[in-house]
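Heads up: the structure comes next, in C-alpha cells.
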Amino acid sequence: MLGLFSLLLTIGLAGLGLACAPQDVPGEVVGTYHFVGPLEVNECGSGFPATDSLDMRVELRRDLTMGVWRSPQAAISYGVIEDDETPERWVFEAGGTYPAYEGCAFVQEETIELDSVDDDGASGTTVVRIYPSSGSNCAASLAALGGPFLTLPCEARWAIEGEPIDPIF
C-alpha cells in the first residue's frame with residue numbers, strides 16, 4: 001500500500017510540475033534580431049531622459065495578424081501586423097498614466113513600428129510620447145515655468161535597425 005501511495009504521490013507531483021510550467025508563446029518565430037538605433041529627437045528635455053541610443057535583442061513571432069515582441073530585458077508585447085500594406089507594418093503599443101504631483105498626471109505611450117521584417121533584418125522606429133492626462137494641469141512642468149519639460153505634449157524618437165542573430169530563447 002505504501003508503494004502505491006508513493007507512486008501516486010510521484011505522479012501527482014510530476015503533473016503539478018507540468019501544470020506550473022510556463023505556457024508557450026503564441027505564433028511562429030519569424031526571426032531573432034539585434035536592434036540598435038540612435039536617438040533622432042527628444043522634444044521633452046530633461047523631463048524624459050532619453051538614452052542616446054537603443055540596443056536590444058528581440059525575438060519576433062507571428063500568429064496570423066498578431067505580432068509578438070519578445071525580449072529577455074522586458075515583458076512580452078503583443079501587437080498588430082498590418083498586412084494590407086506593402087510592405088507589411090508591425091505595430092506594438094504600450095503605456096500608462098503616472099501621477100507627477102497634485103493635479104498633474106502624465107500619460108506615457110510607447111509605439112514600436114517596424115516597416116520591414118524579413119530574413120535580412122528589420123527596421124523601423126520607436127517613439128515615446130508624453131502628455132498630460134485629461135483634466136490635468138501640468139503647466140508647472142514646463143521649462144518656461146521652471147519644470148523639466150521643454151514642451152508638452154512631447155516625444156522622443158529612435159530609428160532602429162535589426163540584424164539577424166542566433167535564437168535567444
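So, in the range 133-152, of the ones that are in contact with a Pro (Cβ under 8 Å, 6 or more places away or on another chain) and of a type outside the set (Ser, Thr, Tyr), which residue ends up nearest to Ser53 (Cα to Cα)?
Here the answer is Leu152.
Output the residues belonging to the range 137-165 that are in contact (Cβ under 8 Å) with a residue 60 or more places away in the chain and under 30 Å from Val117 (Cβ atoms).
Result: Cys154, Glu155, Ala156, Arg157, Trp158, Ala159, Ile160, Glu161, Gly162, Glu163, Pro164, Ile165.
Kindly indicate whether Asp24 is surrounded by 13 or more Cβ atoms within 10 Å (Cβ to Cβ), of a type in the set (D, E, K, R) and modelled with pLDDT under 95.
Taking the combined requirement at face value, the residue does not satisfy it.
Only one residue in Gly135, Gly95, Gly103, Gly146 is within 28 Å of Gln73 (Cα to Cα) and not hydrophobic (A, V, I, L, M, F, W, C). Which one?
After applying the criteria, what remains is Gly95.
Do we have Ser123 as under 23 Å from the mean Cα position of the chain (by Cα), more than 16 Å from Ser46 (Cα to Cα) and either surrounded by fewer than 13 Cβ atoms within 10 Å (Cβ to Cβ) or at pLDDT 95 or above (or both) here?
Taking the combined requirement at face value, the residue satisfies it.
Cβ-Cβ below 7 Å, separation at least six or inter-chain, first residue in the range 37-56 and touching a residue at least 60 places away in the same chain (Cβ under 8 Å), second of a type in the set (S, T, N, Q) and in a loop (DSSP other than H, G, I, E, B): which pairs?
Leu39/Thr51; Glu43/Thr151
What strands (runs of 3 or more DSSP E), lying completely within the range 51-160, carry at least 3 residues that are under 15 Å from Gly37 (Cβ atoms) and in contact with a Ser or Thr (Cβ under 8 Å, 6 or more places away or on another chain)?
53-63, 104-118, 121-132
For the range 106-119, name all the residues that are among the polar types (S, T, N, Q) and under 16 Å from Ala74 (Cβ atoms).
Selection gives Gln108, Thr111.
Yes or no, residue by residue, for (1) within 19 Å of Pro26 (Cα to Cα); (2) among the hydroxyl-bearing types (Ser, Thr, Tyr); (3) surrounded by fewer than 14 Cβ atoms within 10 Å (Cβ to Cβ); (4) modelled with pLDDT under 95:
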| site | (1), (2), (3), (4) |
| --- | --- |
| Ala75 | yes, no, yes, yes |
| Glu88 | no, no, no, yes |
| Ala94 | yes, no, no, no |
| Cys104 | no, no, no, no |
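One residue is enough: does the range 127-137 have a residue meeting the conditions over 30 Å from Asp24 (Cβ atoms), modelled with pLDDT of 95 or more, surrounded by 13 or more Cβ atoms within 10 Å (Cβ to Cβ) and over 22 Å from the mean Cα position of the chain (by Cα)?
yes
The values are calculated or read from the model by the stated rules, or taken from the named source; none is laboratory data. Small disclaimer: the values here were computed from a predicted structure and weren't measured. With ideal geometry, Cβ positions are generated from the backbone for all residues, glycine too; neighbour counts draw on all protein chains shown.
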